[in-house]
Amino acid sequence: MSEQSRAVKVLAANTIAFTICFSCWMMNGVLITFLVENRLFDWTKSEMGWLIGIPVLTGAVMRLPVGVLCDKYGGRIVFFLLMILSAVPMYFVGEANSYMGFVLAGLGFGVTGSSFAAGIAYTALWFDKSRQGTALGIFGAGNAGAALTSIGAPIVLARLTATDLEGWRTLPKIYAGILIITAILFWVFTHTRKVNLGTRTGLLQRLSPLKNVRVWRFGVYYFFVFGGFVALAQWLIPYYVNAYTMTVATAGLMAGIFSFPSGVIRALGGWWSDKMGARTVMYWVLGISLVCCLLLVFPAMLIQSPGKGVMAVSDGTVQKISENEIVVSGTSYDLKSKNKDEMVGFEDDGNFIFPTSCSWQEPVVGMKVGDKVGKKQLIAKGTTQIYFQANVWIFTGLVFIVGIMMGIGKAAVYKHIPTYFPNDVGVVGGLVGVLGGLGGFFCPIIFGYLLSWSGLWTTCWMFLAGFVVVCLVWMHMVVQRMMKKRAPGLVDQIEDWGDPNNAESAI
């Protein structure tokens, strides 16, 4: 078998194994919700949140040690053992009868989330630099495993519990069995290959790349593109339910419009990174994400503000007051009354893309016939109302674009790693994955606090927009510093091109 054929086979096996592991990693999101909705366990919202988040946290934290093990022993054996060992606590989820039992089992099977570090390290060894972005992008499409669980697990649960609710205990055992089968097939269809560590054999030596600030910068990017993706995949469901009064089922479908394409398009992001360069792709990803997040900041709102009023042009006595007119000493002042047709945006659920507004005028409260008024005295108060619906389809379209950008960005970030750290993909990829996973764990918590503090669901977009600005500024500063270091003369010329006294500015 040729080397290229082996590489393709390894990539396919890696991608399938990662898809299965990602599906297992997300299982608690469906299972815990089912158990509480059917009152099989009486857990509070915070307890549910911890049970759903614990596997995510474990998978994030374990990515670095898994990456270190891959660099030392090889990705194939680590990936294989990871699936075998994770199947054990996954099986015991079905035997849990207490909150602590679910916590311990979640801590165990959450290690499936660290499979990303193993797969990245193993995949990168089989492809040269010109194709690594595409290969890692294809592998990363295994994120779509989240959609397999969110769509498939409820169907399986419905069948397992059709006659007995205790049938839920079979679901995690099915997942455990699938992990074992996947591990065996993975071992059969892959080949061993290890990275050349050179003289760096000790643990501290292997961790030495983590001293490089560049590694942490990549991690910050990944906090947004991966952590933000995992967070929004969970957060968008209550967002749609509360902000747009949708059912949970409909909200889940709308959230799927965000999550599924983001996972699949990661392969395209890898290809673009190979062709255009990962840094160029990241500029586009962060720039477009920033624009979309800023547009998403504006919530559905109804604003009432003082509008154009009516003032008396001269001194006089009020002779008549009605909804449409005020007469002062023979001078008639027409008033604009409320028009219900103009206020359609406030009274029905039509689809409005742009803000709608209406205004009216009412006699000043307390004014009556016979009252004396002076010149320029306000006799009718104006009111303006502005309604912004935050159209759900426009909202979903912008969210879809953010999801696409995150998918492309995930591939672009990992394209950087084998380029700058070819012999430390496991360690560096592990740390970057840790920071990304922590984003998925902490972002929903941050979103929740912002919502409690402000009462606005759109504060999550404010946070993400601010975070993107940090990423963009940091990246641009690094690019500028690199240009000045490598080509200071060129940078000076570029800055002088706008000077009219410079002869070259006319070029």
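Some points to look at:
- From the options Phe116, Phe139, Phe109, residue that is out of contact with any Ser or Thr (no Cβ under 6 Å at 6 or more places or on another chain) and crowded, with 21+ Cβ neighbours inside 10 Å: Phe116
- Pairs, first free of Cβ contacts under 8 Å to residues at least 24 places away in the same chain in region 324-338, second in a loop (DSSP other than H, G, I, E, B) and buried (at least 17 other Cβ atoms within 10 Å of the Cβ), C-beta under 6 Å, six or more apart: Asn324/Leu335
- Residues in region 356-401 that are touching a Gly at 6+ places or on another chain (Cβ under 6 Å) and either under 30 Å from Pro299 (Cβ atoms) or of a type in the set (Ser, Thr, Tyr) (or both): Thr356, Ser359, Gln361, Lys381, Gly382, Thr383, Thr384, Tyr387.
- Filtered residues of region 358-387 (kept if in a strand (DSSP E or B) and in contact (Cβ under 8 Å) with a residue 60 or more places away in the chain): Val373, Leu378, Ile379, Ala380, Lys381, Gly382, Thr383, Thr384, Gln385, Ile386, Tyr387
- Test result for Thr396, over 30 Å from Val313 (Cβ atoms), of a type outside the set (A, V, I, L, M), part of a helix (DSSP H, G or I) and at pLDDT 80 or above: yes
Yes/no per residue for (1) at pLDDT below 90; (2) at positive phi; (3) in contact with a Gly (Cβ under 8 Å, 6 or more places away or on another chain):
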site	(1), (2), (3)
Ser130	yes, no, no
Ala147	yes, no, yes
Ile151	yes, no, yes
Glu166	no, no, no
Tyr175	no, no, no
Thr182	no, no, no
Thr192	yes, no, yes
Gly198	yes, yes, no
Phe218	yes, no, no
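- Single match in Ser273, Ser289, Ser329, Ser305 (criterion: of a type in the set (S, T, N, Q) and at pLDDT 90 or above): Ser289
- Residues located in region 301-311, provided they are of a type in the set (A, V, I, L, M, F, W, C) and surrounded by fewer than 16 Cβ atoms within 10 Å (Cβ to Cβ): Met301, Leu302, Ile303, Met311
- Taken over region 231-267, the criterion of being farther than 23 Å from Phe447 by Cβ and at pLDDT 80 or above is satisfied by Ile265 alone.
- Just so you know, in region 93-124 the residues that are in contact (Cβ under 8 Å) with a residue 60 or more places away in the chain and more than 29 Å from the chain's Cα centre (by Cα) include one that is farthest from Arg169 (Cα to Cα), and it is Glu95.
- Of all residues in region 90-142, those satisfying the criterion of being outside any helix (DSSP H, G or I) and over 30 Å from Leu11 (Cβ atoms) are Gly94, Glu95, Ala96, Asn97, Ser98.
- Identification of helices (runs of 4 or more DSSP H) wholly contained in region 216-294 with 3 or more residues that are farther than 27 Å from Pro154 by Cα, of a type outside the set (Lys, Arg) and more than 15 Å from the chain's Cα centre (by Cα) yields 266-276.
- Residue satisfying condition, being in the same structural domain as Pro172 (by TED's automatic domain parsing), at pLDDT below 90, surrounded by 17 or more Cβ atoms within 10 Å (Cβ to Cβ) and under 26 Å from Gly29 (Cα atoms), within set Val66, Val93: Val66
- Residue in region 424-445 that is out of contact with any Lys or Arg (no Cβ under 8 Å at 6 or more places or on another chain), part of a loop (DSSP other than H, G, I, E, B) and outside the structural domain of Leu335 (by TED's automatic domain parsing) present: no
- Flag if Met282 is in contact (Cβ under 8 Å) with a residue 12 or more places away in the chain, out of contact with any His (no Cβ under 6 Å at 6 or more places or on another chain) and either surrounded by fewer than 16 Cβ atoms within 10 Å (Cβ to Cβ) or more than 25 Å from Arg63 (Cα to Cα) (or both): no
- Breaking point among (1) at pLDDT below 80; (2) of a type in the set (A, V, I, L, M); (3) outside any helix (DSSP H, G or I), for Leu456: (1)
- Condition met for Ser23 (within 12 Å of Ser115 (Cα to Cα) and of a type in the set (Gly, Ala, Ser)): yes
- Within region 125-136, the only residue that satisfies the criterion of being among the small types (Gly, Ala, Ser) and either surrounded by fewer than 21 Cβ atoms within 10 Å (Cβ to Cβ) or free of Cβ contacts under 8 Å to residues at least 40 places away in the same chain (or both) is Ser130.
- Single unsatisfied condition, Gly113 versus (1) touching a Phe, Trp or Tyr at 6+ places or on another chain (Cβ under 7 Å); (2) over 30 Å from Val281 (Cα atoms); (3) of a type outside the set (Asp, Glu): (2)
- Output for region 285-299, where each listed residue is farther than 21 Å from Ala390 by Cα and surrounded by fewer than 17 Cβ atoms within 10 Å (Cβ to Cβ): Gly287
The values are calculated or read from the model by the stated rules, or taken from the named source; none is laboratory data. Values in this document were obtained by computation on a predicted structure and should not be read as measured data. FYI the Cβ positions are ideal-geometry reconstructions off the backbone, even for glycines, and counts take in every protein chain you see.
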